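The block underneath contains the structure these notes are about, expressed in structure tokens.
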Amino acid sequence: MFLRLADQHRQFVQDLVMNLQALAIVLERRGYLASCYTCGGQMNSASFMVSLADNHLIRFLVSDYGITWTEMRDDRELMKLEGAEAISQLHELGNLVKYQVQPAQERPVVAQKV
């Protein structure tokens, strides 16, 4: 039973890594700064990052040791989630792609009358 569970876990991590790679490609095509790096050809770990706006960064790490979602703004950690909660946040990020939400654009500064 334990060998079967270990094999299922490895397959789950590999599937997640492949999906992160695909998500990074799609996000880049939609105008986001995104990347997904893996170590070696085993597909047993990945580091996924995407910039949602100026100084707003998402980092998603997956490996045999765990899954982590970290959201940062202005170099400060806003939220860190692990496991199923991290995957739920990744699902929400996937909805950005699914519903074609565009990246935040810098707004022009409007002069105010004093």
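The values are calculated or read from the model by the stated rules, or taken from the named source; none is laboratory data. Just so it is clear, the model here is predicted, and its values are computed rather than measured. Here the Cβ positions follow ideal geometry from the backbone for every residue, glycine too, while neighbour counts run over all protein chains shown. Accessible surface areas use protein heavy atoms only, side chains included; no ligands, DNA or RNA. Shrake-Rupley method; radii C 1.70, N 1.55, O 1.52, S 1.80 Å.
The relative contact order of the chain comes to 18 percent, based on Cα pairs under 8 Å that sit 6 or more residues apart.
Calculated from the structure at hand, Rg and Dmax of the Cα atoms in Å is found among (1) 13.8, 48; (2) 20.1, 60; (3) 16.9, 73 as (3). When only the Cβ of Lys, Arg, Asp and Glu is charged (+1, +1, -1, -1), the dipole of the chain relative to its Cα centre reaches about 300 debye.
With K and R counted +1 and D and E -1, the other residues having a Cβ less than 15 Å from that of GLU71 yield a net charge of -3. For the chain, the fraction of 1.4 Å probe accessible surface lying on carbon and sulfur atoms is 53 percent. By its C-alpha gyration tensor, with a ≥ b ≥ c as the square roots of the eigenvalues, how is the range 29-93 shaped: rounded for a/c under 1.5, else prolate for a/b larger than b/c, else oblate? Cα axes put the range 29-93 in the oblate bin.
Taking Cα atoms only, the orientation of helix 2-29 departs from the longest principal axis of the chain by about 30 degrees. Summing charges over neighbours of HIS91, with a neighbour being any other residue whose Cβ is under 11 Å away from its Cβ, gives -1 when K and R count +1 and D and E count -1.
The long axis of helix 83-98 is offset from the longest Cα principal axis of the chain by roughly 50 degrees. Extending 7 Å from Cα along the Cβ direction at GLU85 and again at VAL97 yields two label points whose distance is 2.5 nm.
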